Amino acid sequence: MITTVLGRVLFLIYVIVGNTHITQCYRDLDSRKKTKPFPVLVLILMYFVEAHPVQWVLLVALVASWLGDILLIPKGNRWFCAGGISFAIAHVCFMLIYLPNIAFEPVKLSIFAFPAVIYLIFTVLTMLEVKPDTPKVMRYAMAFYLITNSTMNLFALAQLVALKNFGAALAYLGAVLFFISDCCLYLVRYSERPEMVYKKHYTVMCTYLTALAFIIMGMLELQ
């Protein structure tokens with residue numbers, strides 16, 4: 001996966017900076033807002049060093065995720081929507097990356113019916129927890145985003161079914177964690193019962209940073 005010394009150093013820095021941030025989230029410190037932009041930035045550098053060749057669409061996905069991190073720092077619906085748009089772009093880019101690895105002919109669409117229903121159920125359950133006074137436009141946008149994330153997950157699953165190897169499995173696990181992170185984020189920001197998410201932003205960021213690492217490591221394994 002990681003073959004260069006510089007790549008390993010950068011990944012170690014990612015782990016250290018990421019753990020610093022999620023520790024601040026665990027303690028619910030305001031300083032977490034200052035450290036939030038740095039983990040994914042280091043991951044972007046690590047990918048750029050390790051990828052041969054660099055898949056620019058995947059790099060755009062990482063940059064869009066990093067921008068989403070920044071846009072979600074301020075409070076407010078507009079900032080949340082802007083961050084959601086950035087992350088939606090990232091998910092579309094992930095789908096484009098997975099697409100060439102998917103063999104549609106041998107893959108029966110029925111295989112994906114059950115996982116699709118599962119994602120839909122969790123999307124509906126999450127949206128039901130959103131506060132009633134949340135603007136309808138926001139609710140529609142949030143539901144659309146979770147559907148986009150679910151679709152990205154199905155693309156990652158299709159890649160796994162087609163390739164059946166460790167890299168594809170790691171990428172799919174990352175996709176699942178990304179979906180879990182987003183559902184938890186909705187509950188933390190817009191539910192009347194945010195305490196249902198363990199340590200709130202700690203769980204959101206722990207699953208999210210692990211998700212991105214798994215996706216990138218998986219795709220590097222597939223090169």
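The values are calculated or read from the model by the stated rules, or taken from the named source; none is laboratory data. Worth saying up front: this structure is predicted, and the values here are computed from it rather than measured. All Cβ positions, glycine included, derive from the backbone under ideal geometry; neighbour counts span all protein chains shown.
Quick test for you: out of Cys184, Cys206, pick the one residue that is under 25 Å from Lys33 (Cα atoms), free of Cβ contacts under 8 Å to residues at least 40 places away in the same chain, out of contact with any Gly (no Cβ under 7 Å at 6 or more places or on another chain) and not aromatic (Phe, Trp, Tyr).
Cys184
Looking at segment 89-108, can you tell me whether even one residue there is among the polar types (S, T, N, Q), more than 25 Å from Glu192 (Cβ to Cβ) and touching a helix residue (DSSP H, G or I) at 6+ places or on another chain (Cβ under 6 Å)?
yes
Which residue is surrounded by the most Cβ atoms within 10 Å (Cβ to Cβ), if the candidates are limited to segment 128-155 and must be part of a helix (DSSP H, G or I) and over 18 Å from the mean Cα position of the chain (by Cα)?
Among them, the one singled out is Met138.
For Val40, work out the one condition from (1) more than 24 Å from Ile2 (Cα to Cα); (2) touching a residue at least 60 places away in the same chain (Cβ under 8 Å) it doesn't fulfil.
The failed condition is (1).
Mind telling me which of the residues Lys36, Lys75 ends up being at pLDDT 95 or above and among the basic types (Lys, Arg)?
Lys36
Quick check on segment 103-112. Is at least one of its residues modelled with pLDDT under 95 and under 30 Å from Thr3 (Cα atoms)?
Within segment 103-112 (the criterion being modelled with pLDDT under 95 and under 30 Å from Thr3 (Cα atoms)), the answer is yes, since at least one residue qualifies.
Among the residues of segment 195-207, is there at least one that is in a helix (DSSP H, G or I), modelled with pLDDT of 95 or more and closer than 28 Å to Ala113 by Cβ?
Within segment 195-207 (the criterion being in a helix (DSSP H, G or I), modelled with pLDDT of 95 or more and closer than 28 Å to Ala113 by Cβ), the answer is yes, since at least one residue qualifies.
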